[in-house]
Amino acid sequence: LIIVGISLCMIFLPVYSQVVSQEYRVGPKDLLEISVFGLDELNTTVRVSEDGNITLPLLGEIEIEGMTKTQVENKLRDLLAEKYLQDPQVTIFIREYQSKRVSVLGAVSNPGPYELLGSQTLMQIIAMAGGMTPEAGDRIIVLRQQEDGTSRSIRISVEELVIKGNARLNIQMEPGDIINIPVDEIFHIYVFGQVNSPGALEVKSSNIPTLLRVIAQAGGFGERAAKGRVLIKRKDEEGKEIEIKVNVKDIIKGKKEDVQL
């Protein structure tokens, strides 16, 4: 029982800390509904200005940008306690989240800016953008602004996140994040000679096949195919054409490794 209890603490304490640190912070254009028990003059709905301020009867202009909802409630309570009420009760409800946005680029159905409504994950934002298109590559890149003004790149595997459902990769979004889902470049591999369906095969740059896979995609060997004398032609880094002779029979028998194209 003691071991189980310690393990549970180790699991849940970091989660709690993460939730607290990600509490939404008020910013320009957010719409706040303010209620003060016993002081109807301050029961109002107000939008945060571009400067991050709100203006209220009795209290005037108040700077609140960057504060959490709880911090704004505490600030208003302290200001009211100084002049008007003893132990005032202040409640704030954020009606509209307008100050925080993320941008989605690349292979999604509806790229563009999206409002970050409270705490949202990468998958939620991609869903808002209509999901990934068939041209999406195998990586999602999140560009995130740092406090020192620099930005860092977070690279996430599409297979791990979407297909395998790795929850750790479904990161929380932060204001100003740019989500880029690069389009997977299409290449052509040409298959000629004794195969059942010769011609050009389209392949994605993230999933370039091996020789055996290409032969299979081309319908397999024809009856007269010389499996021991398959020829691969490619260009080297200098653009010079080179030839590689492959004995596919050895690959099929497991004597040699398949050739990565």
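Miscellaneous remarks
- Computed label-point distance, nm, for sites ASN196 and ARG95 using a 7 Å Cα→Cβ extension: 6.7 nm
- Contour excess over end-to-end distance, with Cα ends at GLU63 and LYS253 and 0.36 nm allotted per residue: 60.9 nm
- Cross-link pairs exceeding 19 Å in C-alpha to C-alpha distance, out of LYS233/LYS253; LYS227/LYS256; LYS227/LYS255, comprise LYS233/LYS253.
- Length gained when the stretch ARG152-SER103 is fully extended (0.36 nm per residue, less Cα-Cα span): 16.1 nm
- Think of each Lys and Arg Cβ as +1 and each Asp and Glu Cβ as -1; about the Cα centre, that makes the dipole of the stretch 111-203 roughly 200 debye.
- Cα gyration tensor of the stretch 45-105 - equivalent ellipsoid semi-axes, whole Å, descending: 26, 12, 9
- Along principal axes, Cα extents of the stretch 50-147, largest first, whole Å: 62, 22, 21
- Compactness relative to 2.2 N^0.38 Å, alpha carbon Rg of the stretch 106-196: 1.35
- A simple spin-label model places pseudo-atoms 7 Å from Cα toward Cβ; at LEU117 and ILE186 they are separated by 3.6 nm.
- Candidates PHE187, GLY137, VAL36 compared by Cα position along the dipole of the chain: farthest toward the positive end lies PHE187, with charges placed on Cβ.
- Cα centroids of the stretch 76-113 and the stretch 230-261: 61 Å apart.
- In the stretch 108-261, Rg over Rh equals 1.14, where Rg is the alpha-carbon radius of gyration and Rh the Kirkwood radius from pairwise Cα distances.
- Annotation: lysines with alpha-carbon distance below 28 angstrom to LYS29 (same-chain offsets under eight excluded): LYS69, LYS75, LYS100.
- Computed over the chain, the per-residue total of -39500 (n - 2.57) for DSSP H runs of n ≥ 4 gives a 222 nm mean residue ellipticity of -6000 deg cm²/dmol, rounded to 500.
- With the simple spin-label model, which puts each label point 7 Å out from Cα in the Cβ direction, the GLU238 to PHE37 separation comes to 8.4 nm.
- When the chain is reduced to its Cα atoms, the Kirkwood hydrodynamic radius in Å: 24.0 Å
Coordinate-derived values only; no laboratory data. Being a predicted model, the structure only gives us computed values, none of them experimental. For neighbour counting, all protein chains shown are included, and Cβ atoms are generated from backbone atoms with ideal geometry for every residue, glycine included.
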